[in-house]
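Enquirer: Questions regarding the structure given below will be posed in turn.
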Amino acid sequence: MMPSRVLIISPNWIGDAIMAQPLLQLLRQRYPEVVIDVLAPAWVTPVWQAMPEVNQVHESAFRHGKLQLKDRWLMAKFLRTLNYDQAYVLPNTLKFALIPWLAKIPQRIGYLGESRYGLLNVIHHDDKRRPRPMMAFYAALIDESAENTGDRFETLHPRLHVDANAVDAVKEKLNLRKDNMTIAFAPGAEFGSAKRWPVSHFSALAQRIIQSYPGTQIVLLGSNKDNDVCEAIHSNVPDTVNLAGKTSLKEAIALIAGVGILVTNDSGLMHVASAFDLPVVAIYGSTDYRHTPPFSSRSCIVSLDLECAPCQKRECPLGHHNCMKNLMPLSVYEEVTKIIIQNGLNKNGK
């Protein structure tokens with residue numbers, strides 16, 4: 001089947017949406033004239049809008065954990081008028097598979113998930129014994145075989161695009177300097193506290209960078225939920241700029257496109273920076289960097305690889321959080337310094 005119009009049902013997480021882009025890249029390679037639209041929650045929409053493969057994003061207003069059957073039926077009624085040939089259902093829940101089924105989209109593709117027989121008619125099976133990076137997991141859906149392992153997709157890389165004028169505009173709006181090296185910190189993590197490097201460590205790192213490289217501009221990024229963490233770092237190191245909750249996601253994406261380095265927990269912003277192929281220093285403790293690694297060619301991973309990690313828990317089940325507490329600021333600072341020297345950032349800035 002050669003589709004002319006394809007609908008992607010988006011995941012609910014920023015990082016997952018970015019890691020789904022290789023699927024769109026493959027669709028565009030295989031079907032150069034295909035129109036690719038996306039159905040996504042509002043908070044993920046700016047990510048899809050920065051992907052050159054996407055024609056249009058339809059925003060959904062579905063609440064987490066709610067069936068909202070009437071709202072899904074109304075959305076499906078609208079989508080039916082757009083005559084999609086295929087739908088790729090990326091979330092694993094039954095309620096998201098309802099939408100393309102109600103919209104009567106002929107080919108509905110996805111993983112079995114919550115026993116979605118009938119709702120999907122091209123079903124793939126996830127072999128839990130062979131965990132894959134998320135990019136390969138999503139990209140494998142392009143194959144007809146329901147048993148495809150997706151190994152050959154592991155070299156694909158998402159790439160976002162933001163106009164240079166948008167980068168300058170957001171820096172000007174936020175009163176950020178343009179002529180000095182800018183390093184961004186992303187100290188939050190939506191999933192839970194187990195993924196967060198301690199405030200004291202981020203603070204010590206910021207202080208050391210500023211002392212070693214005078215004039216460096218350190219910005220703290222995150223959502224409103226991350227403001228307490230970012231404000232604590234700013235209180236410890238007043239020379240940092242706390243932007244948590246002060247930017248839209250669209251603005252944060254543009255701002256990240258214009259920084260020199262991102263130092264980050266395992267977070268959605270880590271994947272944003274990777275999609276611009278920026279230098280990324282990623283700090284891992286409770287989560288598995290083999291499953292959701294930064295994919296920038298200039299990324300590095302800092303982890304203690306403790307016996308109890310990765311536990312994949314929202315909070316440390318042992319109560320000590322040693323995977324993050326014992327990962328000292330000096331280890332991260334050394335990686336930042338390597339990037340500064342290798343890329344000449346202290347001389348040329350960003």
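Enquirer: Taking the condition of being of a type in the set (Asp, Glu) and without any contact (Cβ under 8 Å) to a residue 24 or more places away in the chain, how many residues in the stretch 1-43 meet it?
Expert: Taking the stretch 1-43 and keeping what is of a type in the set (Asp, Glu), we get 16, 33, 37.
Next, only the ones that are without any contact (Cβ under 8 Å) to a residue 24 or more places away in the chain stay: none.
Selection size over the stretch 1-43: 0.
Enquirer: Still on this structure, I have one more. On the basis of being open to solvent by 10 Å² or more (accessible area, probe 1.4 Å) and within 26 Å of Arg159 (Cβ to Cβ), does Gly222 make the cut? Walk me through it before giving the result.
Expert: Numbers: open to solvent by 10 Å² or more (accessible area, probe 1.4 Å): yes; within 26 Å of Arg159 (Cβ to Cβ): yes.
In short, yes.
Enquirer: Further question on the same structure: So Glu251 passes all but one of these: (1) surrounded by 24 or more Cβ atoms within 10 Å (Cβ to Cβ); (2) over 13 Å from the mean Cα position of the chain (by Cα). Which condition number does it fail?
Expert: Only one criterion in (1) surrounded by 24 or more Cβ atoms within 10 Å (Cβ to Cβ); (2) over 13 Å from the mean Cα position of the chain (by Cα) is unmet by Glu251, namely (1).
Enquirer: Could you say whether any residue in the stretch 294-312 is among the hydroxyl-bearing types (Ser, Thr, Tyr), farther than 22 Å from Ser203 by Cα and open to solvent by less than 60 Å² (accessible area, probe 1.4 Å)? Please lay out each step first, then the result.
Expert: Our first condition is that a residue be among the hydroxyl-bearing types (Ser, Thr, Tyr); within the stretch 294-312, this holds for 296-297, 299, 303.
Right, trim to farther than 22 Å from Ser203 by Cα and you get 296-297.
Filter once more, so that each one left must be open to solvent by less than 60 Å² (accessible area, probe 1.4 Å): 296.
Within the stretch 294-312, one or more residues are among the hydroxyl-bearing types (Ser, Thr, Tyr), farther than 22 Å from Ser203 by Cα and open to solvent by less than 60 Å² (accessible area, probe 1.4 Å).
Enquirer: Right, next: Spot the failing condition for Gly215; the list is (1) open to solvent by less than 30 Å² (accessible area, probe 1.4 Å); (2) closer than 23 Å to Ile339 by Cα, and only one is missed.
Expert: Tallying (1) open to solvent by less than 30 Å² (accessible area, probe 1.4 Å); (2) closer than 23 Å to Ile339 by Cα, Gly215 fails exactly one: (1).
Enquirer: Residue by residue through the stretch 69-91, note down the ones that are free of Cβ contacts under 8 Å to residues at least 24 places away in the same chain and open to solvent by less than 90 Å² (accessible area, probe 1.4 Å).
Expert: Asp71, Leu74
Enquirer: Where residues in the stretch 1-30 are out of contact with any strand residue (DSSP E or B) (no Cβ under 8 Å at 6 or more places or on another chain), in a loop (DSSP other than H, G, I, E, B) and open to solvent by 10 Å² or more (accessible area, probe 1.4 Å), which of them is modelled with the lowest pLDDT?
Expert: Residues of the stretch 1-30 that are out of contact with any strand residue (DSSP E or B) (no Cβ under 8 Å at 6 or more places or on another chain), as a first pass: 2, 11, 13-16, 18-19, 21-22, 25-26, 29-30.
Next cut, in a loop (DSSP other than H, G, I, E, B) only: 2, 11, 13.
Add one more test, that the residue is open to solvent by 10 Å² or more (accessible area, probe 1.4 Å), and what stays is 2, 13.
Values: Met2: 88, Trp13: 91.
Residue satisfying both the conditions and the ranking: Met2.
Enquirer: Could you please find all residues in the stretch 294-326 being modelled with pLDDT under 95 and of a type in the set (Ser, Thr, Tyr)?
Expert: Within the stretch 294-326, Ser296, Ser297, Ser299 meet the criteria.
Enquirer: Among the strands (runs of 3 or more DSSP E) contained in the stretch 261-331, which hold 2 or more residues that are of a type in the set (Ser, Thr, Tyr)? Step through it out loud before you land on a result.
Expert: Details: elements: 261-265, 280-284, 299-303.
Qualifying strands (runs of 3 or more DSSP E): 299-303.
Enquirer: Looking at (1) open to solvent by 10 Å² or more (accessible area, probe 1.4 Å); (2) among the hydrophobic types (A, V, I, L, M, F, W, C); (3) closer than 30 Å to Gln25 by Cα; (4) at pLDDT below 95, find the lone condition where Ala189 falls short.
Expert: The number of the failed condition is (1).
Enquirer: Still on this structure, I have one more. Scan the stretch 222-241 for residues that are without any contact (Cβ under 8 Å) to a residue 24 or more places away in the chain and in a helix (DSSP H, G or I) and jot them down.
Expert: In the first step, residues of the stretch 222-241 are kept if they are without any contact (Cβ under 8 Å) to a residue 24 or more places away in the chain; the result is 224, 227-228, 231, 234-235, 238.
Of everything in the stretch 222-241, those that are without any contact (Cβ under 8 Å) to a residue 24 or more places away in the chain and in a helix (DSSP H, G or I) turn out to be Asn224, Asn227, Asp228, Glu231, His234, Ser235.
Enquirer: Filter the stretch 196-212 for residues that are buried (at least 23 other Cβ atoms within 10 Å of the Cβ) and within 17 Å of Arg314 (Cβ to Cβ) and give the result.
Expert: Arg196, Trp197
Enquirer: Is it the case, given these coordinates, that Ser274 is in contact with a Phe, Trp or Tyr (Cβ under 9 Å, 6 or more places away or on another chain), open to solvent by less than 10 Å² (accessible area, probe 1.4 Å) and within 30 Å of Arg130 (Cβ to Cβ)?
Expert: On the way: in contact with a Phe, Trp or Tyr (Cβ under 9 Å, 6 or more places away or on another chain): yes; open to solvent by less than 10 Å² (accessible area, probe 1.4 Å): yes; within 30 Å of Arg130 (Cβ to Cβ): yes.
When the stated conditions are applied, Ser274 passes them.
Enquirer: Further question on the same structure: How many residues are within 15 Å of Leu7 (Cβ to Cβ), charged (D, E, K, R) and either in contact with a Lys or Arg (Cβ under 6 Å, 6 or more places away or on another chain) or open to solvent by 10 Å² or more (accessible area, probe 1.4 Å) (or both) if we restrict to the stretch 31-55?
Expert: Of the residues in that region, 1 qualify.
Enquirer: So the check is Cβ under 8 Å with 6+ separation or different chains; which pairs have a first residue in the stretch 114-140 that's within 19 Å of Asp85 (Cβ to Cβ) and a second one that's at pLDDT 95 or above and among the basic types (Lys, Arg)?
Expert: Close Cβ pairs satisfying both conditions: Leu119/Arg108; Leu120/Arg108; Asn121/Arg108; Val122/Arg108.
Enquirer: Can you tell which of Leu255, Leu205 is in contact (Cβ under 8 Å) with a residue 24 or more places away in the chain, under 25 Å from His161 (Cα atoms) and assigned to a helix (DSSP H, G or I)? Talk me through it step by step, then tell me what you get.
Expert: Numbers: Leu205 fails: under 25 Å from His161 (Cα atoms).
Residue meeting the stated conditions: Leu255.
The values are calculated or read from the model by the stated rules, or taken from the named source; none is laboratory data. As the structure is a prediction and not an experimental result, all values here were calculated from the model. Glycine also receives a Cβ, built like all others from the backbone with ideal geometry; neighbour counts cover every protein chain displayed. Protein only, heavy atoms only, side chains kept; ligands, DNA and RNA dropped before computing areas. Shrake-Rupley method; radii C 1.70, N 1.55, O 1.52, S 1.80 Å.
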